[in-house]
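The values are calculated or read from the model by the stated rules, or taken from the named source; none is laboratory data. Fair warning: this is a prediction, and the values are worked out from it, not measured in the lab. We place every Cβ from the backbone using ideal geometry, glycine too, and count neighbours over all the protein chains shown.
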Amino acid sequence: MNRAIPAAFSLRFLPSFSVSHARWRGRLWRAIAPLLCCGSACAGVVTVAVTDGAGKPLPQAVVLIEPISGKLAVQPLPSAQVAQFKRQFVPRVSVVTAGTPVAFPNQDTVRHHVYSFSPTKNFELKLYAGVPSQPVLFDKAGIAVLGCNIHDQMAAWIVVVDTPFYGVTDAEGIARVNAVTAGSYRLKVWHPGLPDTSDGTSQPLTVGAANIEKAARLEIGANPLAPQP
Ligand SMILES: [Cu+2]
């Protein structure tokens with residue numbers, strides 16, 4: 001939502017003494033923009049365009065917007081699911097808020113044995129068909145890598161977050177995060193194709209009255225989500 005700025009505060013009326021003033025005015029704007037808004041009443045859309053190392057749009061990258069300091073109130077999702085269909089996980093990449101129960105319905109006629117040994121969530125659903133009686137609670141932020149003991153080609157990722165502002169890039173490599181309240185944040189971007197040791201990219205993000213467009217480039221290697229030939 002855009003809010004009209006009183007003329008007295010408008011940067012158009014700031015004097016321009018030198019070329020360096022453009023930079024100075026930019027810094028001033030970033031500093032005061034959050035102050036011109038009134039808490040949750042002021043929010044913007046943050047659009048992030050993610051590309052791979054070759055500059056191509058990168059789908060299924062996870063975008064997180066985390067406050068520089070403190071924590072934001074986050075509610076668990078009522079439910080989420082990662083199905084198994086045609087011997088693949090669907091979806092391959094999910095984002096859920098901490099405390100969300102995730103169901104793992106098996107929609108194949110073969111049985112699956114779903115597991116994760118990640119510190120974020122260590123669990124195992126031993127060889128089963130149909131829908132397990134209980135969902136799995138993902139209560140700790142981090143990345144859980146899922147596999148199947150029977151089908152080695154099956155892999156999926158559940159990113160558990162403790163911020164309400166997140167998204168996943170679409171087929172064009174674009175993620176839109178709506179209603180981000182004014183403030184100072186870190187914009188993080190991650191993709192399963194990154195090396196295991198990488199947390200992805202991080203850049204500062206200041207949200208004020210205006211919508212924001214950002215870009216991120218990830219140096220990924222073999223993309224595990226690329227369509228199979
Ligand atoms: Cu399986």
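Here are the numbers:
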quantity	calculated
Residue tally, condition surrounded by fewer than 16 Cβ atoms within 10 Å (Cβ to Cβ) and either within 15 Å of the ligand (Cβ to nearest atom) or under 9 Å from VAL145 (Cα atoms) (or both), over segment 114-125	2
Qualifying strands (runs of 3 or more DSSP E) (wholly inside segment 69-140; at least 2 residues being without any contact (Cβ under 8 Å) to a residue 40 or more places away in the chain)	83-85, 100-103, 112-118, 121-128, 136-138
Which numbered condition VAL131 misses (of (1) more than 26 Å from LYS56 (Cα to Cα); (2) within 16 Å of the ligand (Cβ to nearest atom); (3) buried (at least 16 other Cβ atoms within 10 Å of the Cβ))	(3)
Any hit, segment 56-64, residues being within 16 Å of the ligand (Cβ to nearest atom) and out of contact with any Lys or Arg (no Cβ under 9 Å at 6 or more places or on another chain)	no
Selection from segment 149-171 of residues that are out of contact with any Lys or Arg (no Cβ under 8 Å at 6 or more places or on another chain) and within 16 Å of the ligand (Cβ to nearest atom)	ASN149, ASP152
Evaluation of GLN88 against (1) among the polar types (S, T, N, Q); (2) within 12 Å of the ligand (Cβ to nearest atom); (3) more than 30 Å from ALA216 (Cα to Cα) (one fails), failing number	(3)
Any hit, segment 203-222, residues being within 23 Å of ALA103 (Cα to Cα) and either in a loop (DSSP other than H, G, I, E, B) or in contact with a strand residue (DSSP E or B) (Cβ under 8 Å, 6 or more places away or on another chain) (or both)	no
Subset of segment 211-229 (residues that are within 21 Å of ILE65 (Cβ to Cβ) and surrounded by fewer than 13 Cβ atoms within 10 Å (Cβ to Cβ))	GLU213, ALA215
Lone qualifier among THR206, THR197, THR201 - being among the β-branched types (Val, Ile, Thr), modelled with pLDDT under 95 and away from the ligand (no atom under 16 Å from the Cβ)	THR197
Residues located in segment 55-79, provided they are among the aliphatic types (A, V, I, L, M) and surrounded by 19 or more Cβ atoms within 10 Å (Cβ to Cβ)	LEU58, ALA61, VAL62, VAL63, LEU64, ILE65
Residues of segment 166-197 that turn out to be exposed (fewer than 14 other Cβ atoms within 10 Å of the Cβ) and farther than 20 Å from GLY44 by Cα, as a count	5
Selection within segment 141-159 - assigned to a loop (DSSP other than H, G, I, E, B) and either in contact with a Gly (Cβ under 9 Å, 6 or more places away or on another chain) or among the polar types (S, T, N, Q) (or both)	ASN149, GLN153, MET154
